Amino acid sequence: MRLLLINGPNLNLLGTREPEMYGSFSLEEIEEKLCMKAKQENIQLDCFQSNCEGALVDRIHQAIEQVDGILINAGAYTHTSIAIRDALLAVNIPYVELHLSNTYSREIFREKSFLADRALGIVSGFGLMSYHLAMDGLVSHLKKNIE
């Protein structure tokens, strides 16, 4: 099984960016922990981060026939990007939306997600654990469909 983890804008600043909201761990630490977990479960996990919407769309397109599922923390693009939504729908790869913070407990504009209605699920508000929970849910879904 092969998964793709996509992280959007400003997530490269984790560890220094608003640690009271997002925690003190870096994106590299998140990816390292998730890759170790994936390896233990015999899953290949590819990680990608960009601050550019077009680069995220391009990476989603490249996933066609390459990955079984996508984990995506699109950051602020979650609430603004129809292009990322359209890319996810176009490739027809199951995906889980995830967020470190509880977007519903923040500014009102963060309550709308352009990705949520077609996602297998959404995990938010659990910090680093959001990534692990999202991966568990995606893997469980994919394994169920294989059996």
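The values are calculated or read from the model by the stated rules, or taken from the named source; none is laboratory data. What you are looking at is a predicted structure, and each value in this text was computed from that prediction instead of being measured. All Cβ positions, even for glycine, are placed from backbone atoms using ideal geometry, and neighbour counts span all protein chains on display. The accessibility values were calculated without ligands, DNA or RNA, using every heavy atom of the protein model including side chains. Shrake-Rupley method; radii C 1.70, N 1.55, O 1.52, S 1.80 Å.
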Notebook entry, point to check: So residue 126 clears everything in (1) more than 19 Å from residue 66 (Cβ to Cβ); (2) in a loop (DSSP other than H, G, I, E, B); (3) open to solvent by less than 40 Å² (accessible area, probe 1.4 Å) except one condition, right? Which one?
Noted result: (3)
Margin query: Any residue at all in the range 59-71 that's touching a residue at least 60 places away in the same chain (Cβ under 8 Å), within 22 Å of residue 111 (Cα to Cα) and open to solvent by less than 20 Å² (accessible area, probe 1.4 Å)?
Written below: yes
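Matching residues to (1) among the hydroxyl-bearing types (Ser, Thr, Tyr); (2) over 15 Å from residue 6 (Cβ atoms):
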site: 43; (1), (2): no, yes
site: 54; (1), (2): no, no
site: 82; (1), (2): no, yes
site: 101; (1), (2): yes, yes
site: 113; (1), (2): yes, no
Checklist line | Within the range 72-116, tally of residues that are over 24 Å from residue 34 (Cα atoms), open to solvent by 60 Å² or more (accessible area, probe 1.4 Å) and modelled with pLDDT of 95 or more | finding: 3
Checklist line | Pick from the range 26-37, criterion of a type outside the set (Lys, Arg) and touching a helix residue (DSSP H, G or I) at 6+ places or on another chain (Cβ under 7 Å), ranking: surrounded by the most Cβ atoms within 10 Å (Cβ to Cβ) | finding: 30
Margin query: Which pairs turn up if I take residues in the range 26-49 that are acidic (Asp, Glu) and look for partners that are crowded, with 19+ Cβ neighbours inside 10 Å with beta carbon separation below 8 Å, at least 6 apart in sequence or on another chain?
Written below: 31/5; 41/139; 46/3; 46/4; 46/5; 46/67
